[in-house]
Amino acid sequence: MTLGGNTAGPGGFTHLDERGRPRMVDVGAKEATRRTAVAEGRLITEPATVALLQEGGGPKGDALAVARVAGIQGAKHTADLIPLCHPLPLDRVVVVGEGDRAVRGVGGRARASATARTGVEMEALSAVSAALLTAYDMLKSLDRGMRIEGIQLLRKEGGRSGTWIRADQD
C-alpha cells in the first residue's frame, strides 16, 4: 500500500491521489506567510424586516449581533465542516452585516487572516455563510421567503499566487 506524495491526481486535481482517491494536500514544505481573504453574501428579505434589523430588533433579539458572532465561529470551525480543509491558526476574523434597503436585505462581509502555509479563503466564505444562515434562523418567523445569495470570494492575498481580486470589484 502506498500513501502517495503531493503529485496531482487524475485530471491534475490536487485533492485526489494518483488513484483518484480524495486526500488532504501536504502543505508542510510551504512557507508560512501572512494571508487574508474577504468574502461577501446577501440575505434577501422583505423591506419591513430590513427596517426592523436597522433598529436592532427581531423576534429573537438582535439578529445582526448574533450573526456576527456566528460568522466568527463559522470561520473557526471551517476545517470541521469541509473535509479536506486544513485547520488554521486564525489571527483575526471580522464579520460585518447590516440591513440594507438598497439590496432589500442584509449585506454580509467577512475578512479572515492568518499567518499560515495555506490560504484562508474557505474561512472567509464559511464566516459569511454562517452569519447569513444565523440571520435567516433569527428572522424566519417574519419572512419564510428569504433567500441567501451571492456568496463569493472578493479578494485573497498572500502565498505563492499573491493577490487576487474579483474582476468586478473596485
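The values are calculated or read from the model by the stated rules, or taken from the named source; none is laboratory data. These figures come from a predicted structure and were not determined experimentally. Don't worry about glycine lacking a Cβ; one is built from the backbone with ideal geometry, like all the others, and counts go over all protein chains shown. Side chains are part of the model used for accessible areas, which takes the heavy atoms of the whole protein and leaves out ligands, DNA and RNA. Shrake-Rupley method; radii C 1.70, N 1.55, O 1.52, S 1.80 Å.
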Please state which one of Leu132, Leu125, Leu154 is part of a strand (DSSP E or B) and open to solvent by less than 80 Å² (accessible area, probe 1.4 Å). Leu154
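So, of the residues in region 31-51 that are of a type in the set (S, T, N, Q) and in a strand (DSSP E or B), which turns out to be farthest from Arg117 (Cα to Cα)?
If we filter region 31-51 for residues that are of a type in the set (S, T, N, Q), which is where we start, we get 33, 36, 45, 49.
After this cut, where a residue has to be in a strand (DSSP E or B) as well, the list is 33, 36.
On the way: Thr33: 6, Thr36: 12 Å.
My answer is Thr36.
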Within region 128-170, track down each residue that is farther than 30 Å from Glu31 by Cα and polar (S, T, N, Q). Thr134, Ser141
Mind counting the residues in region 81-91 that are closer than 13 Å to Glu121 by Cα and not in a loop (DSSP other than H, G, I, E, B)? 1
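Does Arg160 satisfy the criteria of being open to solvent by 20 Å² or more (accessible area, probe 1.4 Å), outside any strand (DSSP E or B) and under 15 Å from Ile44 (Cβ atoms)? So that I can check it myself, show each step before the final result.
Working: open to solvent by 20 Å² or more (accessible area, probe 1.4 Å): yes; outside any strand (DSSP E or B): yes; under 15 Å from Ile44 (Cβ atoms): no.
Spelling it out, it is not the case that Arg160 is open to solvent by 20 Å² or more (accessible area, probe 1.4 Å), outside any strand (DSSP E or B) and under 15 Å from Ile44 (Cβ atoms).
One line per residue, one yes/no per condition, for (1) loosely packed, with under 15 Cβ neighbours inside 10 Å; (2) among the hydrophobic types (A, V, I, L, M, F, W, C); (3) at positive phi; (4) at pLDDT 90 or above:
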position: Pro10; (1), (2), (3), (4): yes, no, no, no
position: Ala37; (1), (2), (3), (4): no, yes, no, yes
position: Thr45; (1), (2), (3), (4): no, no, no, yes
position: Leu64; (1), (2), (3), (4): no, yes, no, yes
position: Lys76; (1), (2), (3), (4): no, no, no, yes
position: His86; (1), (2), (3), (4): no, no, no, yes
position: Gly97; (1), (2), (3), (4): no, no, no, no
